[in-house]
Amino acid sequence: LTVQNGDYEAFRESLPPRDYFTDEIRRQLSGTFGEDEFFSGGLTIRATVDAELQEAAAAALRKGLEKYDRDQGVWRGTGLTLPVEVLGSEESWRAALAALEVPRDIATWFPAVVLEVGENDARIGIEGVAEDEDGHFIPAEDVTWARKQLDAGELGRKAKVADDLVSVGDVVLVRAVTNEDGTFKRWSLRQIPEVQGAFMAMDVNTGRVLAMQGGWKFDGSEFNRATQAKRQPGSAFKPFVYLAALDKGYTPSSIVMDTPITFTDSAGNVWRPENYHSDFLGPTPLRVGVEKSPNLMTIHLAQSIGIKTIVEYATRFGIDDNMPANLSNVLGADETTLMQLTTAYGMLVNGGKKISPVFIDRIQDRSGQTIERT
């Protein structure tokens, strides 16, 4: 009995799939042990990931990105087509569709091809789904959310019927939409979002990372937006300004001004920061600033305690080791990663205890000896 004969499952089949979490471990340990030792040293690595949470995180991020993309109301499709001559028989269009490189690993999504376009609906052939007597259709009600992106980049008219978005031969992605009782309702068009995102869940007491998703799909983009992408945190940075103020003697009832302010630099450039709703609270208790997050109140507070103090706190919490001492940065204009910001918030939650993100619980060598434990 051998693995080669198929009597036993190969060890490689039991390994976790390569995804954002496992790739982060690869990057960290390749730097520690070297790539040769990592890939061929027989290491056994116990990760901190919770498989169920990781699956839920990936699904939640994809759901959010898809909703955001759909809210933009732009239909791009896959950009792929099949020649009309292969659409005449089920055997030929299925073979042609199977030969295309199109996403096939998104749960509940299916590649499909538009076979006919009627007055209102479009008949489709779906990979992996048997044809029935009535056929499968994209109804007019499914397309009214979008405008078609044309070749020159401009948008077509708001879709009213399927013909406004798709043409015969277009390769599309679809999924089944169900009623509240779980019964089939209709087939619905889907597309890969243009906008990306990231997700991270951490145990705030230990720093163990329980789930991390760095984008829509790892095999579509290996760039990890949770650990590698630097973005402006915006108002998510403000709690650290208020924290610094509390450490400097302010109390929740301390009064801080929320009034207009203007700055002019040596070159004559003028900066007039505004609140989101363009109104002003005037003299306001500090606790209200935390609750309502007014920009101008935060700037007045930063001026009072000093921007260098806030830079120091950004460094202490690991948000940015080299944050420029600019007032705009108290509003979150500086850049950080999701992992750094999540770690900083973890320290807020756990009462100020310093933590570092941990992806690995234990590493053993090929003989089973523990060589590293976190």
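The values are calculated or read from the model by the stated rules, or taken from the named source; none is laboratory data. Since the structure is predicted, the reported quantities are computational estimates derived from the model, not experimental observations. Cβ coordinates were reconstructed from backbone atoms using ideal geometry, including for glycine residues, and neighbour counts include every protein chain displayed. Please note that ligands, DNA and RNA were not included when accessible areas were found on the heavy atoms of the full protein model with its side chains. Shrake-Rupley method; radii C 1.70, N 1.55, O 1.52, S 1.80 Å.
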Taking the dipole of the chain about the Cα centre (Lys, Arg +1; Asp, Glu -1; charges at Cβ), the one of LEU165, ASN179, ILE310 that reaches farthest to the positive side is ILE310
Note, PHE263: beta-carbon cut-off 15 Å, +1 each Lys/Arg, -1 each Asp/Glu, net -1
For the stretch 194-339, the Debye formula with one identical point scatterer on each Cα and no solvent gives log10 I(q)/I(0) at q = 0.13 Å⁻¹ as -0.68
Magnitude of the Cβ-charge dipole (Lys and Arg +1, Asp and Glu -1) of the chain about the Cα centre, nearest 20 debye, reported as 1880 debye
GluC sites (Glu not before Pro) in the stretch 128-166 lying in a DSSP loop, each with at most 14 other Cβ atoms within 10 Å of its Cβ, come to GLU131, GLU133, GLU154
Using eta = 0.890 mPa s and T = 25 °C, Stokes-Einstein with Kirkwood Rh from Cα pairs puts D for the stretch 307-372, in µm² s⁻¹, at 177 µm²/s
Given pairs LYS63/LYS353; LYS67/LYS160; LYS217/LYS292; LYS67/LYS158 and cut-off 27 Å on Cα-Cα distance, the over-length ones are LYS63/LYS353; LYS217/LYS292
Over the chain, with neighbouring protein chains present, the accessible area per residue in Å² at probe 1.4 Å is 56 Å²
Taking only the alpha-carbon atoms of the stretch 186-245, the convex hull volume per residue, in cubic angstrom, is 172 Å³
Under a Gaussian network model of the chain whose springs join Cα atoms within less than 10 Å, the largest fluctuation of GLN232, GLN72, GLN196 belongs to GLN72
Pseudo-spin-label distance ILE261 to THR108, built 7 Å along Cα→Cβ, given in nm, is 4.8 nm
Sequence order, the stretch 363-374: Karplus ³J(HN,Hα) from phi using 6.51 cos²θ - 1.76 cosθ + 1.60, θ = phi - 60°, Hz rounded, Gly and Pro as x, gives 10, 10, 7, 5, 9, x, 7, 6, 10, 7, 9, 10
In the stretch 276-374, the chymotrypsin sites (Phe, Trp or Tyr not before Pro) that sit in a DSSP loop and have at most 10 other Cβ atoms within 10 Å of their own Cβ are TYR276
Cα extents of the stretch 130-282 per principal axis, largest first, Å, are 76, 46, 34
Given unit charges at Cβ for Lys, Arg (+) and Asp, Glu (-), the dipole magnitude of the stretch 308-373 about its Cα centre in debye, nearest 20, is 300 debye
